[in-house]
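Enquirer: I'd like to ask some things about the structure below.
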Amino acid sequence: QVQLVESGGGLVQAGGSLRLSCAASGRSFSNYAMGWLRQAPGKEREFVATITWFGDTYYGDSVKGRFAISRDSTKNTVYLEMNNLQPEDTAVYYCTANRALRIFTTTGYEFWGQGTQVTVSS
């Protein structure tokens, strides 16, 4: 059974940092693109970042320069380092995995995690 399990969310003050992790199990994801989406209350889901099997990275405009995505294929894990967090970054963050590269979109992913809450106070 394939599972993506996110961790690392929590409450942080504006300007602070968090590191999210997504542990994948059930198969090897070394040839999958993996990434993160987020959804804030009352707002549409938003593309955050994707990393390909080669390590190429893509970011949404709202997080570019502040967030960094990385992966450890030996651990089947993807990370999202979030710096200079702002209240508008408050959302549930979801991990995704897809064989084909999907960027700047919030639909069509093969696998999703359950999400982890990130709350940024002002």
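The values are calculated or read from the model by the stated rules, or taken from the named source; none is laboratory data. This structure is a prediction, so every number in the text was calculated from the model and none was measured. Cβ atoms come from the backbone with ideal geometry, glycine included; neighbour counts cover every protein chain shown. We work out accessible area using only protein heavy atoms, side chains counted, and drop any ligands, DNA or RNA first. Shrake-Rupley method; radii C 1.70, N 1.55, O 1.52, S 1.80 Å.
Enquirer: Pairs only if they're at least six apart or on different chains, beta carbon under 7 angstrom, first in region 14-41 and farther than 19 Å from E81 by Cβ, second open to solvent by 10 Å² or more (accessible area, probe 1.4 Å) and small (G, A, S); list them, first residue then second.
Expert: These pairs meet every condition: S30/S73.
Enquirer: Would you check which residues across region 70-120 are among the polar types (S, T, N, Q), open to solvent by 40 Å² or more (accessible area, probe 1.4 Å) and under 13 Å from L4 (Cβ atoms) and list them?
Expert: Pass one, region 70-120, residues among the polar types (S, T, N, Q): 70, 73-74, 76-77, 83-84, 86, 90, 96, 98, 105-107, 114, 116-117, 119.
From what is left, the residues that are open to solvent by 40 Å² or more (accessible area, probe 1.4 Å) are 70, 73-74, 83-84, 86, 107, 114, 117, 119.
Listed by number, the list holds a single entry, Q114.
This table checks each residue for (1) in contact with a Ser or Thr (Cβ under 7 Å, 6 or more places away or on another chain); (2) at pLDDT below 95; (3) open to solvent by less than 50 Å² (accessible area, probe 1.4 Å).
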position: G15; (1), (2), (3): no, no, yes
position: Y32; (1), (2), (3): no, yes, yes
position: G35; (1), (2), (3): yes, no, yes
position: R38; (1), (2), (3): no, no, yes
position: V48; (1), (2), (3): no, no, yes
position: W53; (1), (2), (3): yes, yes, no
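Enquirer: When you look at V120, is it touching a helix residue (DSSP H, G or I) at 6+ places or on another chain (Cβ under 6 Å) and either of a type in the set (D, E) or touching a residue at least 12 places away in the same chain (Cβ under 8 Å) (or both), yes or no? Before you say what the answer is, go through the steps one by one.
Expert: Working: touching a helix residue (DSSP H, G or I) at 6+ places or on another chain (Cβ under 6 Å): yes; either of a type in the set (D, E) or touching a residue at least 12 places away in the same chain (Cβ under 8 Å) (or both): yes.
Yes, satisfied.
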